[in-house]
Amino acid sequence: MKTALDALKRSNIFKDQSKLSFDYVPEHLPGREKEIDQLARLFRPVLYESMSQTAMITGPVGSGKTAVVKRFCMILNEAGLENRRRIEHVHINCRNRKSESMVLLSILTHFDSRFPDRGFSIPEMIEILKKHLKKRECHLVIILDEADVLLKRSGSDLVYNFTRIQEEDDELLGAISLILISQKKIMQLLDKASLSTFKRTNLIDFGKYGHDVLKRIVDQRIEFSFHPNIVQEGVSDMIASMSEEYGDARFAIELLEKSGMVAEEQGSDIVNPEHSRWAKAEVKPFVFEETIHQLNIHEQVMLLAASRLLKRSAYCSTGELETEYQALCEQVNKRPLGHTQFWQYMKEMDAFGLISTKRSGKGTVGNTTLITIQDVPVAELIDYLEKTLLS
Ligand SMILES: Nc1ncnc2c1ncn2[C@@H]1O[C@H](COP(=O)(O)OP(=O)(O)OP(=O)(O)O)[C@@H](O)[C@H]1O
Ligand SMILES: [Mg+2]
């Protein structure tokens, strides 16, 4: 029997699990090169002309907003060092720091980790911030992440204040830049005065990630976090397809980590697409029994045939499926359907969401339709369907 002590032993699968943590920001962020470039162009005057800048980032869940801004600020700090401009940044998640004073407190603890967490009014805290900025002679980039929460709760006074500080005191001209991040559009939450500092060109809208980029993101984490040759081919493609609907890199990375954990739990020394199906079923369970009851006998046989073919791989071809289906028909004493009807049913099952089809892309000979099952471990389908059809 496996004990907790076994589970604590060094993993044969994971090389470095910390690289799968949501706080880890890789040096290179696949698919976001253009956005980082855009930010760099916006912030060039901060570096060379001692100016300040504002930017606003919007985009759906897991589209890399936080990661891109954090990485960009690290790059900016480095560029600052090379150019004798001291640039620092503070990242504040406004979901956890909902009030203006809590946001200011986070900024002040960046300069003084022992700054007391109560006893100062907002104007007093702003005065202290000014002193720090003057003393350190640094440019501070304030990142307000999930800014919509703060703006909805407290309005945009604080955002305006950061601009005003610089206008009122020559010594502080160009001392603060501001980056607002939000899933939702937040322009309408800013008052006129604050709005005037955000030009249209300072808005960067992150689109949802597509299949190709998700696959590159997963491949990168496989390289960082797993021992070599442990994760089988097809896993990253499969995870990219599973998370494509949401375009969410966080979901994809979570599926990858869970896939590795499932493989470990099952005592496997490799990670294959079936482990990813188990992972997905854990994260987003899919009640397949109800759907199977709506299928006719031929569709059920097709599903069992597909499940058997997909035990060890991510995809199979329609040709392979048709052959396997015909063989299974014999076992259940049914006459196999003709090719046209077979196709028809396959399309219906795709619509039911049990199987997914895709055109084979590069790397495969010819251009055929490939079939996969993503939402349920095929072992579970095989178990269930064999009981229904073969016993
Ligand atoms: N292009 C990318 N390359 C590598 N990893 C990425 C990329 N984009 C996102 N990630 C990773 O995916 C996870 C989610 O990204 P991030 O937190 O930046 O999303 P977000 O857009 O801020 O989402 P939310 O709106 O929920 O805050 C993080 O672990 C991040 O490192
Ligand atoms: Mg975020």
Counting only residues that are more than 21 Å from LYS70 (Cα to Cα) and of a type in the set (Val, Ile, Thr), which one in the stretch 138-179 is nearest to ligand 2 (Cβ to nearest atom)?
THR163
Hey, which of the helices (runs of 4 or more DSSP H) in the stretch 203-319, taking only ones fully inside, have at least 1 residues that are modelled with pLDDT of 95 or more and not basic (Lys, Arg)?
211-225, 235-244, 249-265, 273-283, 297-309
On the given criteria, is LEU140 of a type outside the set (Phe, Trp, Tyr), surrounded by 17 or more Cβ atoms within 10 Å (Cβ to Cβ), in a strand (DSSP E or B) and more than 16 Å from ligand 1 (Cβ to nearest atom)?
yes
Got at least one residue in the stretch 146-155 being exposed (fewer than 14 other Cβ atoms within 10 Å of the Cβ) and not hydroxyl-bearing (Ser, Thr, Tyr)?
yes
Whether any residue in the stretch 355-378 is loosely packed, with under 14 Cβ neighbours inside 10 Å, over 27 Å from SER243 (Cβ atoms) and touching a residue at least 40 places away in the same chain (Cβ under 8 Å) is what I want to check.
no
From GLU146, GLU167, GLU137, which residue is farther than 30 Å from VAL262 by Cβ, at pLDDT 95 or above, charged (D, E, K, R) and not assigned by TED's automatic domain parsing to the domain that holds ALA263?
GLU146
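Residues checked against (1) outside any helix (DSSP H, G or I); (2) in contact (Cβ under 8 Å) with a residue 12 or more places away in the chain; (3) of a type in the set (D, E, K, R); (4) closer than 24 Å to PHE251 by Cα:
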| position | (1), (2), (3), (4) |
| --- | --- |
| GLY62 | yes, yes, no, yes |
| ALA67 | no, yes, no, yes |
| ILE75 | no, yes, no, no |
| LEU105 | no, yes, no, no |
| LYS135 | no, no, yes, no |
| VAL149 | no, yes, no, yes |
Residues in the stretch 111-127 that are under 21 Å from LEU173 (Cβ atoms) and either crowded, with 16+ Cβ neighbours inside 10 Å or within 16 Å of ligand 2 (Cβ to nearest atom) (or both) total 3
Tell me whether the stretch 242-256 contains one or more residues that are closer than 19 Å to LYS15 by Cα and not hydrophobic (A, V, I, L, M, F, W, C).
yes
List the pairs whose first member sits in the stretch 206-222 and is within 20 Å of SER18 (Cα to Cα), whose second member is more than 9 Å from ligand 1 (Cβ to nearest atom) and not in a helix (DSSP H, G or I), and whose Cβ atoms are under 8 Å apart, counting only residues at least 6 apart or on separate chains?
LEU214/GLY247; ILE222/VAL231
Residues in the stretch 180-223 that are within 16 Å of ligand 2 (Cβ to nearest atom), farther than 17 Å from GLU35 by Cα and within 19 Å of the chain's Cα centre (by Cα): how many?
1
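Taking the options ALA263, ALA249, name whichever one is small (Gly, Ala, Ser), within 16 Å of ligand 1 (Cβ to nearest atom) and in the same structural domain as SER11 (by TED's automatic domain parsing).
ALA249
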Going by the conditions given, is GLU348 at pLDDT 95 or above and under 22 Å from GLU244 (Cα atoms)?
no
Options ILE13, ILE57; residue that is out of contact with any His (no Cβ under 6 Å at 6 or more places or on another chain), buried (at least 16 other Cβ atoms within 10 Å of the Cβ), of a type outside the set (S, T, N, Q) and not assigned by TED's automatic domain parsing to the domain that holds PHE224:
ILE57
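Restricting the search to the stretch 1-35, which residues are in a helix (DSSP H, G or I) and under 12 Å from the mean Cα position of the chain (by Cα)? Can you show your working first?
Step one: filter the stretch 1-35 for residues in a helix (DSSP H, G or I), giving 4-8, 17-20, 33-35.
Selection gives LEU20 alone.
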Considering the stretch 60-73, residues that are surrounded by fewer than 21 Cβ atoms within 10 Å (Cβ to Cβ) and near ligand 1 (Cβ under 6 Å from one of its atoms), and then whichever is nearest to ALA147 (Cα to Cα), we arrive at THR66
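The values are calculated or read from the model by the stated rules, or taken from the named source; none is laboratory data. Predicted model only: the values in this text are computed from it and were never measured. A quick note on method: Cβ atoms are made from the backbone with ideal geometry, for glycine too, and the neighbour counts reach across all protein chains shown.
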